Amino acid sequence: MNFLTGVFYMLSVILLFAGFRVVTTRNPVHAALFLVLAFFSAAGIWLTLEAEFLAIALVMVYVGAVMVLFLFVVMMLDINLDRLREGFWQYLPLAGFVSAMLALEMTVVLGSRTFGLSIVPSPQPHPAGYSNTRELGRLLYTDYVYPFELAAVILVVAIVAAIALTMRRRKNTRYQDPARQVKVKREQRVRMMQMPAEKPSSTKT
Amino acid sequence: MMELSYWQHLFGWAWPGVWTLVRIVALVVPLMLAVAYLTYAERKVIGYMQVRIGPNRVGFKGLLQPIADAVKLLMKEIIIPSGSNKFLFVLAPVLTIAPALAAWAVVPFSPQMVLANVDAGLLYIMAITSMGVYGVIIAGWASNSKYAFLGGLRSAAQIVSYEIAMGFALVGVLMAAHSLNLVDIVNAQHGGLLNWYWLPLFPMFLVYLIAGVAETNRAPFDVAEGESEIVAGFHVEYSGMAFAIFFLAEYANMILVATLTSILFLGGWYPLFDIAPFNWIPGIFWLLAKVAFVLFLFLWFRATFPRYRYDQIMRLGWKVFIPITLVWVVVVGAVMQTPLAFLVH
């Protein structure tokens, strides 16, 4: 067992523990933080596979952005744990069946006969100077340029749709237009008045 | 080098670990000293800008003031609010300082002086600094205080927004340098003032600098701790050393952003002009001078600008900076396809 294998087992243990705690912990904020830990350990495992671009992108996108927004939402929601747990025993048979099926399917697909070391050997270490980032970029923009751009278009459609679905402009909301604020001239805001220093003696009293 | 091999024999198989540890200590100790004296510099610079003297009681010209502050904070009790989530409350400062220090692992000070000269250094820095937001958001939540929570939310939204603009500014740098390795990026700017990336990537330089101020929650973007509306923001419940850790992290992040600005846009360790009297000075002094200059800008901003309103911060980040950087990425890409490509190297 060399150093890298040790690192792999350490990261895997943390990953499995964190994944387990995501579903078992009672506090939703803790669950979200365990999910962060799971992502981070998964990124570590990818690093040991010399996929540093994917690993760092995982940390940047999921840990740095997605989970922050997720935490945001979870922290602001008023989650009633008792109501979430109400139907636990009622749903258990169905959930158990689904998870058993999932486990079965995964054993069939990922079993040692189809995914074992003899069929999918561990990747050969690349020579020094190999850059996963450069290789990935080259493949994405040459061989896979159309699928890549299609994915980009689909994502843009999703963004536009999400904004269109959730944006609502109330009629009576007031907005500031910074462009107009910047363009304001002195004359529009200040009016110089000439006033006598004393009140002229009034005749009305 | 005789002595080095002596130590190597002494520690045997543990030598690589020990040697890395020694280098980490050699990086972190000067960094912590720099943080301490940055607080002193800040108080002095802002003091003079406001026609005050600043700290001048402890030691000669107040030079021992940061040490006195550190000792005071060490002595103070760490109060854990009774309604707080104790584990996360203690974890939050750790999660703030850890990324602020870990990011330094790939920062080069000269072509040889770098802890880990990794190929994807720029990506590593972006990934690690994006972790810093967790400390703030967890501190805000775990304190169980509405002010801390509001500060945490504000800060998290702000950091996430400006990170995008920052990332796009870095895309420009890596397009120009053809590399993600920080040493290679500096080497690509070989030469004097006019060869550095601040000139061809000027809009990105500005965006990076300003987004850096916003990322570190410094004035005029310090709504996370806007004392006039939410007391002190996310760290209002912290005291003693736990509070000091947040400050250490903030200043370490400031120095990190200043160093990165110097490395990515201001030519790193290359002298101002590549002629005789200037390039006699060792490169590290040039780098430190540039870092000091950018840090001075940070202090200057704080003394000059009033705090942004929250919606204006969001507008600036999303509607101004991101479009600017996106347009400039296209411009750089287009220029690189023309005979004018030498302009962006």
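Give me the inter-chain shielding for A:61-69: mean count of other chain Cβ atoms within 10 Å, whole number please.
Across the residues of A:61-69, the mean count of other-chain Cβ atoms within 10 Å is 5.
What does the average come to when, for each residue of peptide B:122-128, you count the partner chain Cβ atoms lying within 10 Å of its Cβ? Don't skip to the answer; put the middle values down first.
Values: counts 2, 8, 5, 1, 5, 11, 4.
The mean count of partner-chain Cβ atoms within 10 Å per residue comes to 5.
Could you give the length gained on full extension between B:Phe342 and B:Asn279, defined as 0.36 nm per residue of separation minus the Cα-Cα distance, in nm?
Taking B:Phe342 through B:Asn279 to full extension adds about 20.3 nm, to one decimal.
What nm value, rounded to one decimal, do you get for the distance between B:Phe296 and A:Thr24 when each label is placed 7 Å out toward the C-beta?
Spacing of the two 7 Å Cα→Cβ label points: 5.8 nm.
Distance cut-off 32 Å, Cα to Cα: go down the list A:Lys171/B:Lys319; B:Lys290/B:Lys319; B:Lys72/B:Lys146; B:Lys44/B:Lys76; B:Lys86/B:Lys290; A:Lys185/B:Lys290 and report the pairs above it.
From A:Lys171/B:Lys319; B:Lys290/B:Lys319; B:Lys72/B:Lys146; B:Lys44/B:Lys76; B:Lys86/B:Lys290; A:Lys185/B:Lys290, over 32 Å: B:Lys86/B:Lys290; A:Lys185/B:Lys290.
Specify whether the C-alpha gyration tensor of the stretch A:27-78 places it in the rounded, prolate or oblate class, a ≥ b ≥ c being the square roots of the eigenvalues: rounded for a/c under 1.5, otherwise prolate if a/b is larger than b/c and oblate if not.
Oblate, because a/c is 1.5 or more while a/b does not exceed b/c.
Bin width 10 Å, alpha-carbon pairs only: give the P(r) of the stretch A:45-141 as whole percents, running from 0 to the bin holding the largest distance.
With a bin width of 10 Å, the distribution comes to 12, 19, 27, 27, 13, 2.
Using every pair of alpha-carbon atoms in chain A, split the distances into 10 Å bins beginning at 0 and state the percent of pairs per bin, rounded to integers.
6, 14, 24, 22, 12, 6, 5, 4, 3, 2, 1, 0
Specify whether the C-alpha gyration tensor of the stretch B:228-340 places it in the rounded, prolate or oblate class, a ≥ b ≥ c being the square roots of the eigenvalues: rounded for a/c under 1.5, otherwise prolate if a/b is larger than b/c and oblate if not.
Verdict is oblate for the stretch B:228-340.
Between A:Leu150 and A:Arg180, what is the label-point separation in nm under the 7 Å Cα-to-beta-carbon projection?
Roughly 4.7 nm, to one decimal.
Total accessible area buried between chains B and A, 1.4 Å probe, in Å² to the nearest 100?
So the total buried area for this chain pair works out to about 2100 Å².
Apply the a/c threshold of 1.5 to the C-alpha gyration tensor of the stretch A:99-156 and tell me whether it is rounded, prolate or oblate. Walk me through the numbers before you get to the answer.
Numbers: a/c = 3.55, a/b = 1.34, b/c = 2.65.
In terms of gyration-tensor shape, oblate.
Tally Lys and Arg at +1 and Asp and Glu at -1 over the other residues with C-beta under 15 Å from the C-beta of B:Ile53: what net charge comes out?
Computed value for this residue: +4.
Taking R0 as 22 Å, what FRET efficiency do you get between B:Leu272 and B:Leu199 from their Cβ-Cβ distance, rounded to the nearest 0.05?
For B:Leu272 and B:Leu199, the calculated efficiency is 0.95.
Nearest 0.05, what FRET efficiency do B:Ala334 and B:Ala26 give at R0 = 56 Å with Cβ-Cβ as r?
Details: r = 44 Å, r/R0 = 0.79.
Efficiency computed from Cβ-Cβ geometry: 0.80.
Just to be sure I understand the model, the point goes 7 Å from the Cα along the line to the Cβ. What's the resulting B:Ala102 to B:Lys319 distance in nm?
It works out to 3.7 nm between the two label points.
In chain A, which whole DSSP H runs stretch at least 20 Å along their own axis (Cα) and average -1.0 or higher on the Kyte-Doolittle scale?
On the way: long enough: A:3-24 (32 Å, 1.94); A:28-48 (30 Å, 1.80); A:88-110 (31 Å, 1.47); A:145-166 (32 Å, 2.38).
Qualifying helices: A:3-24, A:28-48, A:88-110, A:145-166.
The values are calculated or read from the model by the stated rules, or taken from the named source; none is laboratory data. Because the structure is predicted, anything quoted here is derived from the model rather than measured. Don't worry about glycine lacking a Cβ; one is built from the backbone with ideal geometry, like all the others, and counts go over all protein chains shown. Side chains included, ligands, DNA and RNA excluded: accessible areas come from the protein's heavy atoms. Shrake-Rupley method; radii C 1.70, N 1.55, O 1.52, S 1.80 Å.
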